[in-house]
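Single-structure report; data block below.
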Amino acid sequence: MFGLLDTLRMAAGIAAGLLLYHLYAVAIGYPTAGREARAGYVVLAEKVAAEAEAAEMARQREAAARAGEEHRKRLDAATAAEQAARDTLENEIRSYELELSQKNRACAVTAADRQWLLRR
């Protein structure tokens with residue numbers, strides 16, 4: 001059927017085709033190598049994204065802790081200021097009552113009046 005020349009031409013055509021495919025594959029990179037490289041890149045990108053997300057969560061957690069600590073300090077300061085104001089008011093009431101008693105005058109401040117003054 002086929003002669004020797006036909007077989008040689010077919011072998012040369014196949015060799016030329018393989019050579020062209022090899023040159024093409026080398027020029028653009030082997031498709032399997034590209035797929036493997038992209039698969040590795042996806043894994044790396046996911047890892048980097050997860051690390052960034054974890055760092056952001058840690059930053060937010062730290063910021064919340066700082067905000068809570070600052071709030072606690074302000075609350076303590078407000079409580080201390082309120083207690084100081086209450087003590088000052090108590091001292092003023094006592095000094096006024098003492099001043100009135102030294103002048104032999106009575107102070108008509110009842111417990112209800114005292115509570116009203118303390119709520120101011």
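What the table below lists for this structure:
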{"item": "Tally, over the range 25-37, of residues that are assigned to a helix (DSSP H, G or I) and surrounded by 10 or more Cβ atoms within 10 Å (Cβ to Cβ)", "result": "6"}
{"item": "Criterion violated by residue 109 - all others in (1) in contact (Cβ under 8 Å) with a residue 12 or more places away in the chain; (2) open to solvent by 100 Å² or more (accessible area, probe 1.4 Å) satisfied", "result": "(2)"}
{"item": "Residues of the range 91-104 satisfying the condition of being without any contact (Cβ under 8 Å) to a residue 12 or more places away in the chain and open to solvent by less than 70 Å² (accessible area, probe 1.4 Å)", "result": "95, 100, 101"}
{"item": "Residues of the range 53-111 satisfying the condition of being outside any helix (DSSP H, G or I) and in contact with a helix residue (DSSP H, G or I) (Cβ under 8 Å, 6 or more places away or on another chain)", "result": "106, 107, 109"}
{"item": "Meets criteria (under 41 Å from the mean Cα position of the chain (by Cα), surrounded by 10 or more Cβ atoms within 10 Å (Cβ to Cβ) and of a type in the set (Ser, Thr, Tyr)) for residue 21", "result": "no"}
{"item": "Qualifying position, being surrounded by 10 or more Cβ atoms within 10 Å (Cβ to Cβ), over 22 Å from the mean Cα position of the chain (by Cα) and not basic (Lys, Arg), among 82, 53", "result": "82"}
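The values are calculated or read from the model by the stated rules, or taken from the named source; none is laboratory data. A quick note: this is a predicted structure, and the numbers were derived from the prediction, not measured. Note that we place each Cβ from the backbone using ideal geometry, even for glycine, and neighbour counts take in every protein chain shown. Side chains included, ligands, DNA and RNA excluded: accessible areas come from the protein's heavy atoms. Shrake-Rupley method; radii C 1.70, N 1.55, O 1.52, S 1.80 Å.
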